[in-house]
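See below for the structure under consideration.
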Amino acid sequence: SITVERTGSETEQQDNRKAVDQSEWDEVLQNEGLHEARTIRVIKIVDRPEFDIAIGVVIFLNALIMGVECDLKTPEVKHWPIWAILDNIFCLVWIAEMAMKIY
């Protein structure tokens, strides 16, 4: 087995560590130009590529539903409530996306 022996100076160095309070730490960070690094950077969800992909999928589905709705346009099918429900869902997604990007 390998044993590690510490010299007296190493032990003294570890024991002489100074406790730093928050104000001293903040001052050091400020002096070094790192104070902003302490804050957690939050990326808005609308700036993420996953959001763009999800919106693209919703747009594709909306186009697909609109195509199916046009192909099935008969007097009986034209008044199915599912078309109005789907249109309203896509409209709500668009409004939510717009509100999120503005906010």
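Which count do you get for residues in the range 73-97 that are open to solvent by 80 Å² or more (accessible area, probe 1.4 Å) and not polar (S, T, N, Q)?
11
Could you please let me know if THR3 is modelled with pLDDT under 65, over 26 Å from the mean Cα position of the chain (by Cα), assigned to a helix (DSSP H, G or I) and of a type in the set (Ser, Thr, Tyr)?
For THR3, the condition - modelled with pLDDT under 65, over 26 Å from the mean Cα position of the chain (by Cα), assigned to a helix (DSSP H, G or I) and of a type in the set (Ser, Thr, Tyr) - is not met.
Does VAL68 meet the test of being touching a helix residue (DSSP H, G or I) at 6+ places or on another chain (Cβ under 8 Å) and of a type outside the set (Ser, Thr, Tyr)? Before you say what the answer is, go through the steps one by one.
Numbers: touching a helix residue (DSSP H, G or I) at 6+ places or on another chain (Cβ under 8 Å): no; of a type outside the set (Ser, Thr, Tyr): yes.
So VAL68 does not fit the description; no.
Tally the residues that are open to solvent by 70 Å² or more (accessible area, probe 1.4 Å) and either of a type in the set (Gly, Ala, Ser) or assigned to a helix (DSSP H, G or I) (or both), restricting the search to the range 41-72.
Keep residues of the range 41-72 that are open to solvent by 70 Å² or more (accessible area, probe 1.4 Å), which gives 41-45, 47-50, 52-53, 57, 59-61, 64, 66, 70-72.
Of the ones still in play, those that are also either of a type in the set (Gly, Ala, Ser) or assigned to a helix (DSSP H, G or I) (or both) are 45, 47, 49-50, 52-53, 57, 59-61, 64, 66, 70-71.
Here the count works out to 14.
Of everything in the range 20-39 that's β-branched (Val, Ile, Thr) and within 31 Å of the chain's Cα centre (by Cα), which residue is modelled with the lowest pLDDT?
Among those that are β-branched (Val, Ile, Thr) and within 31 Å of the chain's Cα centre (by Cα), it is THR39.
The values are calculated or read from the model by the stated rules, or taken from the named source; none is laboratory data. Only a predicted model underlies this, so the values are computations on that prediction, with no experimental measurement involved. A quick note on method: Cβ atoms are made from the backbone with ideal geometry, for glycine too, and the neighbour counts reach across all protein chains shown. Note: areas computed on protein heavy atoms with side chains; ligands, DNA, RNA excluded. Shrake-Rupley method; radii C 1.70, N 1.55, O 1.52, S 1.80 Å.
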